[in-house]
Amino acid sequence: MTAQKKLPFDIINVFTTSEDEPYSGNPLAVIHESHGLTTAQLQTIATQFNLSETSFPVIPSEEDAAKGVSYNTRIFTPGEELPFAGHPTLGTCFSLVQRSIISSDAQKAVQSCPKGLVPLQIHSPTQISLSSAPMYISSPVELPENLLVEGLGLSTDTAVVGKAGYLSSAGLLFYYVCLENESDVERAVPSTSVIIQILSQLGEENKEAVEKANQPLGVYLFYVEKLQGSQDLRVHARMFSTDTAEDPATGSACVGLAPALQAHGLLPSTTSSTTYNVSQGVEMGRPSKLTGRAIVKDGELVNCEVMGSSAKVAEGWILAPFKK
């Protein structure tokens, strides 16, 4: 029997709250030297780690490198491959900087993934941001009847801003629901089975959104307030998905929040840059800090960014599965 290849890996916590709290944020497994492995083998490894996502970066081809690509990667949940995701993108770039595959002096990098090219800004060895153009924003989408009580464990009289939500994407599609009271965000208790039903229903009833983006991946529940003396915003968010009951930090949902904020009239109509500081994962004991930025030019949202800090908390190797 052929000896199994040993693949080095890093466990990275992404969107940590500070350098003194490396065990905050959202964990990610980054598997190196996975070139030549089949999709089934990559999925087996992601299922083994059983984290919200596992990424597999490889050195780009000469053709991709000539286009400015720093690395290619594929991203898997325990059950499927994703075309793009936020915290794996930042965490993968961080891991490559830590391993000197990307120079620590580099200020920029470009990730290639099934979604396309994702530009990254390396602010420091631990702080990285990605940018993405807004892809889709719906008109107001009526709340599913079973969302508040059965899906989120809230009361029927929970105050929802605009009494509706928005389907929005800057890479992946989520259903955004803004609550008037922060305490309602804090006390929500999701039912994963009902959330799955609701997301399926939203996909069936909003074919245009699915065609232009993807099947809705989660319900993004949030509260927002303007910071005194500033146009910047403070956001308290929670994300409930089909794969995990709750996600501690969702970078792709953070960039997709920008179009939803604009739809709610929370971004200036003039050329501007608005920062929104997102706190997520607090209720599940994994506090995370995400910094979003919405760039508006002449009233049009032209770019969405998310930045966060990362920390490596483990490294080792895993055996490549046998091909089936």
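At-a-glance table
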{"quantity": "Matching option when the condition is under 17 Å from the mean Cα position of the chain (by Cα) and assigned by TED's automatic domain parsing to the domain that holds residue 223, among 268, 259", "calculated": "259"}
{"quantity": "Candidates 245, 260, 294, filtered to the one that is assigned to a helix (DSSP H, G or I) and either in contact with a strand residue (DSSP E or B) (Cβ under 8 Å, 6 or more places away or on another chain) or not β-branched (Val, Ile, Thr) (or both)", "calculated": "260"}
{"quantity": "Of residues in the range 196-211 being within 21 Å of the chain's Cα centre (by Cα) and free of Cβ contacts under 8 Å to residues at least 40 places away in the same chain, the one farthest from residue 175 (Cα to Cα)", "calculated": "211"}
{"quantity": "Sole residue being touching a Phe, Trp or Tyr at 6+ places or on another chain (Cβ under 9 Å) and on the phi > 0 side of the Ramachandran plot, chosen from 281, 292, 299", "calculated": "281"}
{"quantity": "Selection status of residue 270, modelled with pLDDT of 95 or more and either surrounded by fewer than 21 Cβ atoms within 10 Å (Cβ to Cβ) or part of a loop (DSSP other than H, G, I, E, B) (or both)", "calculated": "no"}
{"quantity": "First in the range 117-146 and in contact (Cβ under 8 Å) with a residue 24 or more places away in the chain, second anywhere and surrounded by fewer than 20 Cβ atoms within 10 Å (Cβ to Cβ) and part of a loop (DSSP other than H, G, I, E, B), Cβ under 6 Å, 6 or more apart", "calculated": "122/106; 122/107; 125/104"}
{"quantity": "Qualifying positions in the range 203-230 - surrounded by fewer than 15 Cβ atoms within 10 Å (Cβ to Cβ), assigned to a loop (DSSP other than H, G, I, E, B) and at pLDDT 90 or above", "calculated": "227"}
{"quantity": "Subset of the range 166-193 (residues that are farther than 22 Å from residue 82 by Cα and outside any loop (DSSP other than H, G, I, E, B))", "calculated": "177, 178, 179, 182, 183, 184, 185, 186, 187"}
{"quantity": "Matching option when the condition is polar (S, T, N, Q) and closer than 20 Å to residue 171 by Cα, among 252, 279, 269, 288", "calculated": "252"}
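The values are calculated or read from the model by the stated rules, or taken from the named source; none is laboratory data. Quick caveat: nothing in here was measured; it's all calculated off a predicted structure. In this analysis, Cβ positions are derived from the backbone assuming ideal geometry, glycine residues included, and neighbour counts consider all displayed protein chains.
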